[in-house]
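Just so it is clear, none of the values below were taken in a lab; they were calculated from the coordinates. All values reported here derive from a predicted model rather than from experimental measurement. In this analysis, Cβ positions are derived from the backbone assuming ideal geometry, glycine residues included, and neighbour counts consider all displayed protein chains.
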Amino acid sequence: MSSAQSRGKTYGELRRDAIVRLREGKIESPEADARLLLCHAAGIDAAKLIASENEEAKPEGVAGFERALARRISGEPVARILGEKEFWSLRFKLGAETLVPRPETETVVEAALAGIGDRARPLRILDLGTGTGAILAALLAELPRATGVAADRSEAALRIARENMRNLSLGSRVSYLCGDWAGAIGGTFDLIVSNPPYIASKELALLSPEVRVHDPRHALEAGSDGLEAYRAIVNQLPARLAAEGKAVLELGQGQEEAVSAMVQATGALSVTGPARRDLAGVPRALVIQVKR
């Protein structure tokens, strides 16, 4: 047998073969997914992968890559396979009880920061339904004197959030509370943020399998109209929001009018203006303040 016949595949061959297989499996981003999964399996970064294009891949990396590729072709999201996701240029570990942080949620961070003014001042931040802790961590990274409370009804999610904060060297600035929204929380906050569930029960079946099958249902579903979580949060905001503070809620598509009406109905709160739009033009982040 010749050396050409006995050698294994190079990194370049593995990547190109994977792109074909992913494309045949109707995966939307085969090139990016093949690169990410191969880097993960081989334990190298993208620059090293390019430099190693013609090198023979190590057998253990090949085996791990094949397993990851099979999971992706079956419809499992890349982030779930990798066990982590980047958000606001920070890396977050995922868990079964957490959503995968999504780019549109960065709109909440942008809207919150836009209303801060002096970023060097001390602030108290409350993140309701923190999940991985992505929104709170992004804000703390931008606000050096801020402290935060990460609240979630899932103890498993809070363990993930705690680990992420520790990995990002933010742990000393965060406390954690397990409970249903702000029901068990005292005091007032300068900034309250939340990406609550906002999918109506009847619409769950319409979600992509990547979301429907792999994201926790309790973090998606919000009753028959998709507004259940907003009702709870908005009713709690008057007691928790400082006089000059702001709350920023992520919205599902088409929910701005309904949530804004809830805010106005409290008599104590108002919206500051139209919701901030995400990159797709969807009204995504509604900013709320104490009525002045």
**Q.** Two-site label geometry, residue 155 and residue 258: point separation in nm, points 7 Å out along Cα→Cβ
**A.** 3.3
Q.
Using Cα-Cα distances under 8 Å and only pairs 6 or more residues apart, what relative contact order does the chain have, in percent?
A. 14
(Q) Given R₀ = 35 Å, what would the calculated FRET efficiency be for residue 44 paired with residue 205, taking r from the Cβ atoms and rounding to 0.05? (A) 0.30
Q. Considering lysine pairs in the chain that are 8 or more places apart or on different chains, how many have Cα atoms under 15 Å apart?
A. 4
(Q) With only alpha-carbon pairs counted, each pair once and no self-pairs, how large is the Kirkwood hydrodynamic radius of segment 30-155 in angstroms? (A) 16.8
Q. Between segment 190-246 and segment 43-103, what's the alpha-carbon centroid distance in Å?
A. 28
Q: Would you mind telling me the antiparallel percentage of the DSSP bridges in segment 67-211, rounded to 5?
A: 20
Q. For segment 23-38, in order, what is each residue's ³J(HN,Hα) by Karplus, 6.51 cos²θ - 1.76 cosθ + 1.60 with θ = phi - 60°, in whole Hz (x at glycine and Pro)?
A. 5, 5, x, 6, 7, 5, 10, x, 5, 5, 5, 4, 5, 4, 5, 6
Q: For the chain, set up a Gaussian network in which alpha carbons nearer than 10 Å are linked by springs, and say which option among 152, 180, 127 fluctuates the most.
A: 180
Q: With a point put 7 Å past each Cα toward its Cβ, work out how far residue 73 is from residue 243 in nm, to one decimal.
A: 6.5
Q: Over all alpha-carbon pairs of segment 103-187, lay out the pair-distance distribution in 5 Å bins, whole %, shortest bin first.
A: 3, 15, 28, 24, 21, 8, 1
Q: Over the Cα atoms of segment 151-292, compute the convex hull volume and normalise it per residue, giving Å³.
A: 132
Q. Give me the log10 of I(q) over I(0) for segment 1-71 at q = 0.20 Å⁻¹, as the Debye formula computes it from C-alpha points; what are the numbers?
A. -0.77
Q: Based on alpha-carbon positions alone, could you give the equivalent ellipsoid semi-axes of segment 83-127 from the gyration tensor, as √(5λ), descending, whole Å?
A: 25, 12, 10
Q | Ranked packing of 186-192, 207-213, most packed first, by mean Cβ within 10 Å | A | 186-192, 207-213
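Provide the gained length on full extension for the span residue 31 to residue 13, in nm with one decimal, where the gain is 0.36 nm per separating residue minus the Cα-Cα distance.
Taking 0.36 nm per residue and subtracting the Cα distance, the gain is 5.2 nm.
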Q. Relative contact order, percent, of segment 1-145 when contacts are C-alpha pairs under 8 Å separated by at least 6 residues?
A. 18
Q | Top of 269, 99, 36 by mean-square fluctuation, Gaussian network on the chain, Cα under 10 Å | A | 36
Q: May I ask you to list the residues of segment 127-150 whose amide nitrogen lies under 14 Å from a point 7 Å from Cα along the Cα→beta-carbon direction of residue 177?
A: 127-130, 148-150
Q. With θ set to phi - 60° and the Karplus curve 6.51 cos²θ - 1.76 cosθ + 1.60, what are the ³J(HN,Hα) couplings of segment 154-171 in order, to the nearest whole Hz, using x for Gly and Pro?
A. 9, 5, 5, 5, 5, 5, 5, 4, 4, 5, 5, 4, 5, 5, 8, 6, 10, x
Q: In Å³ and rounded to a whole number, note down the convex hull volume per residue for the Cα atoms of segment 233-292.
A: 72
**Q.** Calculated FRET efficiency for the pair residue 279/residue 231, C-beta based, R₀ 30 Å, to 0.05
**A.** 0.60
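Tell me the Kirkwood radius of segment 43-114: reciprocal of the mean inverse pair distance over distinct alpha-carbon atoms, in Å.
On the way: mean 1/r = 0.0678 Å⁻¹.
So the Kirkwood estimate lands at 14.7 Å.
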